[in-house]
Amino acid sequence: MHRKETFVTSDYPLYLDFQQLTQQEDAIALLNHNQAIGTQQGWQQRLQERQVKIVGHQVIPLQSQQEIQPKIDRHKAAIHRTSLSKPVRLALEAELFTPETSFFDYGCGHGSDMKFLARQGFSSSGWDPYYRAYTNLCPAAIVNLGYVINVIETPAERRDALLKAWELTQQVLIVSAQVLIHDTTRGHIAYSDGVISSRNTFQKYYEQEELKLYIDQVLGVDAVPVALGIYFVFRDEAQAQSFRASRFRSRATTPRVRLTTKRFEDYQELLSPLMSFFTERGRLPVGEELSAFAPLLAEFGTIRRAFAVIVQTTNQQEWDVIADKRRQDILVYLALSNFDNPYKHLKFSQFSLPYQIDIKSLFGSYQAAWVAADLMLMNLGRDGFIASCCRNSQVGYLDEQALYVHISALESLETMLRLYEGCASRTIGRLDRVTIIKFHLHKPKITYLFYPKFDLEPHPQLHTAMQVDLRDLQVHYRDYANSDNPPVLHKKNAHVLDEYPLYKKFARLTKQEENWGLLDDRKAIASLKGWQNCLQGHCAELQGHRLVWSKDADPKKIKVLKSRLKGIILKQREFDEKKGSDV
């Protein structure tokens with residue numbers, strides 16, 4: 001029998017051992033042409049051909065029938081950084097650091113992260129077995145285990161490093177490791193459950209789900225995916241749930257004061273915090289939360305009377321929209337929690353007190369909220385449901401294959417699409433600095449696209465793409481950084497909301513390009529070279545977000561094109577005038 005992990009569930013005690021063995025075997029093509037290895041004799045012959053043997057659940061290379069025991073230079077894997085590492089930067093951006101936060105880097109290498117944080121005023125230290133072996137191991141609020149477990153070649157020692165880092169953690173442990181490296185056998189030799197590089201360093205390459213499963217099983221936790229290969233592990237379950245919930249919380253704007261009254265003007269300074277509170281939580285404060293509004297209560301007697309004064313000067317419907325937004329945020333989060341573990345709902349006590357009050361105030365009971373969330377999750381599995389949501393979406397750019405939405409517009413999407421995207425991002429994590437999210441119409445997949453110069457370039461080039469298959473949570477990563485013909489993006493205005501700061505500039509360019517006929521053949525202009533050929537064929541070039549006639553083009557051809565363009569513009573003008581008169 002081969003691939004034993006496929007015969008058991010992921011919570012089977014030896015699941016990881018089975019899975020790691022299969023990965024080693026796949027890395028050196030032991031399991032190819034499986035008909036030949038269906039018997040003991042065939043399997044032994046395959047092992048002899050590859051010059052390896054199986055010891056326990058590990059593939060061991062042979063050399064003259066003796067086991068190879070190479071000495072690994074782990075310290076060579078340490079990187080000299082000129083900025084914060086991505087895991088620590090994401091922790092900063094997530095506002096996990098406060099002025100009082102202490103930081104410890106377990107396996108700090110050259111110590112770049114701790115030095116950067118120390119310069120920003122944080123209490124920061126680190127330890128490394130090669131570069132800072134003299135430093136004491138110190139407990140800290142935030143501990144970083146950054147790209148450490150993937151360079152330790154011994155499974156037992158790797159596990160020990162994870163446990164020691166967790167012992168030092170008071171609030172949050174940041175765990176990161178290399179993931180999704182393809183063709184790892186090229187130029188490498190197989191060793192243990194990873195590979196040895198040409199620099200004699202060891203690398204254990206994880207699948208994203210495998211990494212989460214490993215962290216969860218070793219530490220007995222539910223690690224939170226933040227990005228590819230990066231997880232946050234919280235000591236306090238309520239803090240973990242609050243962090244998860246915050247990642248699926250939509251933005252809301254406090255309703256504008258439309259008609260001021262003397263009473264509102266007299267108490268505006270006292271009323272403003274109440275308006276902010278409702279905008280943040282979609283409800284009025286209750287219980288212990290009222291202590292922050294003592295002066296307001298002294299003037300009005302009750303919070304409801306104070307809020308009635310606010311409603312008189314604003315639009316009640318706008319407050320109702322905010323409450324509904326917060327209700328949908330809770331449903332998305334609860335449904336995603338059920339997506340991770342459909343057989344066990346979170347306990348009400350696992351949430352922070354404010355979030356518990358949110359649920360009771362907006363749904364009446366925890367049970368009612370769960371019933372609604374479960375129904376939402378069930379709908380996602382209906383045939384054609386997501387495709388229908390995409391086609392009916394008022395946000396994003398739709399073509400025959402997918403709906404494309406700029407990350408800034410994600411929170412404005414219809415709730416079911418937000419939930420669908422959350423199934424990928426809560427389990428796998430989004431691509432770092434994602435620009436566009438692609439919702440596939442015909443397959444249960446989501447792709448995260450990174451365009452580094454989305455705002456600056458009229459037609460930005462695709463840098464990286466990360467596709468998540470929601471059937472098995474397999475991730476496919478593609479890098480276009482060194483491609484001479486990467487995909488390029490068109491109609492940027494269609495991907496963002498009307499209130500996006502550069503929307504008008506994007507829209508003017510798109511209108512101009514449509515009039516010139518540049519966007520007629522979408523397949524031909526999908527890549528950089530195709531787009532360049534199209535511009536050349538239309539005697540056009542770009543100056544920022546504006547089309548101009550090419551100086552090197554044939555004047556006669558430009559004259560013909562200008563005449564054609566003039567006719568298009570006149571027809572469009574006539575159409576607009578007729579449309580206006582019909583209205």
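The values are calculated or read from the model by the stated rules, or taken from the named source; none is laboratory data. Just so you know, these numbers come straight off a predicted model, no measurement behind them. Because the Cβ atoms are built from the backbone with ideal geometry, glycine has one as well, and the counts that use them run over all protein chains shown. Only protein heavy atoms, including side chains, enter the accessible area calculation; ligands, DNA and RNA are left aside. Shrake-Rupley method; radii C 1.70, N 1.55, O 1.52, S 1.80 Å.
Positive end of the dipole of the chain (Cβ unit charges, origin at the Cα centre): among H545, S10, A308, the Cα lying farthest that way belongs to H545. Tell me, which longest segment in the chain has none of the GluC sites (Glu not before Pro) that fall in DSSP loops with at most 10 further Cβ atoms within 10 Å? The longest such stretch corresponds to 101-399. Would you mind classifying the chain by shape? Square roots of the alpha carbon gyration tensor eigenvalues, ordered a ≥ b ≥ c; an a/c under 1.5 is rounded, otherwise it is prolate if a/b is larger than b/c and oblate if not. It is oblate, given that a/c is not under 1.5 and a/b is not larger than b/c. To put it simply, the accessible area of the chain at a 1.4 Å probe is 50 percent carbon and sulfur. When DSSP beta bridges are restricted to pairs lying wholly in the chain, around 75% turn out antiparallel.
Computed from phi, the 3J(HN,Hα) profile of segment 239-255 under the Karplus parametrisation 6.51, -1.76, 1.60 (θ = phi - 60°) reads 5, 4, 5, 5, 5, 4, 5, 5, 6, 10, 9, 7, 7, 9, 9, 4, x Hz, with x in place of Gly and Pro. The relative contact order of the chain, computed from alpha carbon pairs under 8 Å that lie at least 6 residues apart in sequence, is 8 percent. Applying 1/(1 + (r/R0)^6) with R0 = 30 Å to the Cβ-Cβ distance of A524 and L570 gives a FRET efficiency near 0.65. Summing +1 for each Lys or Arg and -1 for each Asp or Glu among the other residues whose beta-carbon sits under 14 angstrom from that of R471 gives -2. Straight-line reach from K262: taking Cα to Cα under 16 Å and skipping same-chain neighbours fewer than 8 places apart, the aspartates and glutamates in range are E299. Fully extending the segment from N32 to L502 would add 164.0 nm, taking 0.36 nm per residue of separation and subtracting the current Cα-Cα distance.
Converting phi to 3J(HN,Hα) with the Karplus coefficients 6.51, -1.76 and 1.60 and the offset θ = phi - 60°, segment 453-458 yields 10, 4, 6, 7, 9, x Hz in sequence order, with x at every glycine or proline.
What longest range of the chain stays clear of loop-exposed chymotrypsin sites (Phe, Trp or Tyr not before Pro) (DSSP non-H/G/I/E/B, at most 11 other C-beta within 10 angstrom)? In the chain, the maximal stretch lacking such sites is 344-583.
Take K511: with every protein chain present and a 1.4 Å probe, its accessible area is about 90 Å². Each label point was placed 7 Å from the Cα along the Cα-to-Cβ direction; for Q268 and Q170 their separation is 4.4 nm. A Förster radius of 22 Å combined with the Cβ-Cβ distance from D324 to T302 puts the calculated FRET efficiency at roughly 0.40.
Checking the Cα-Cα distances for K529/K559; K511/K562; K511/K566; K491/K523; K523/K559 against a 19 Å cut-off, the pairs over it are K529/K559; K523/K559. Distance from the Cα centroid of segment 428-472 to that of segment 332-398 is 24 Å (rounded to whole angstrom).
Ligands, DNA and RNA excluded, the heavy atoms of S412 present near 60 Å² of accessible surface to a 1.4 Å solvent probe. Shape verdict for segment 381-468, please, from the Cα gyration tensor: rounded (a/c under 1.5), prolate (a/b greater than b/c) or oblate. Cα axes put segment 381-468 in the prolate bin. Under 1.5 on a/c is rounded, so check that first for segment 246-399, then, if it is not, pick prolate when a/b is larger than b/c and oblate when it is not; a ≥ b ≥ c are the square roots of the alpha carbon gyration tensor eigenvalues. Oblate.
Amide H to amide H distances under 5 Å link S124 with F103, where only residues 5 or more positions off or on other chains count and H is placed in the peptide plane. For segment 287-422, calculate the relative contact order in percent as a whole number, restricting contacts to Cα pairs under 8 Å that are 6 or more residues apart. Answer for segment 287-422 is 20 percent. With R₀ fixed at 41 Å, the C-beta to C-beta distance from T253 to A387 puts the FRET efficiency at about 0.85.
Sum -39500 (n - 2.57) across every DSSP H segment of at least 4 residues in the chain, then divide by the residue count to get the 222 nm mean residue ellipticity, nearest 500.
-13000 deg cm²/dmol
Inter-part distance, segment 136-168 to segment 10-24, computed on C-alpha centroids, equals 21 Å. What is the dipole size for segment 238-328, taken about its Cα centre, with +1 at each Lys and Arg Cβ and -1 at each Asp and Glu Cβ, in debye to the nearest 20? Roughly 460 debye for segment 238-328.
Scalar couplings 3J(HN,Hα) for segment 313-321, obtained by applying the Karplus form with A = 6.51, B = -1.76, C = 1.60 to θ = phi - 60°, are 9, 10, 10, 4, 4, 5, 5, 5, 5 Hz; x denotes Gly and Pro. Taking amide H positions as modeled 1.01 Å from N, with prolines and chain starts lacking one, the residues under 5 Å from A402 and 5 or more places away or on another chain are L441. Summary of the geometry: segment 256-298 and segment 481-543, compared by the centres of their Cα atoms, lie 47 Å apart.
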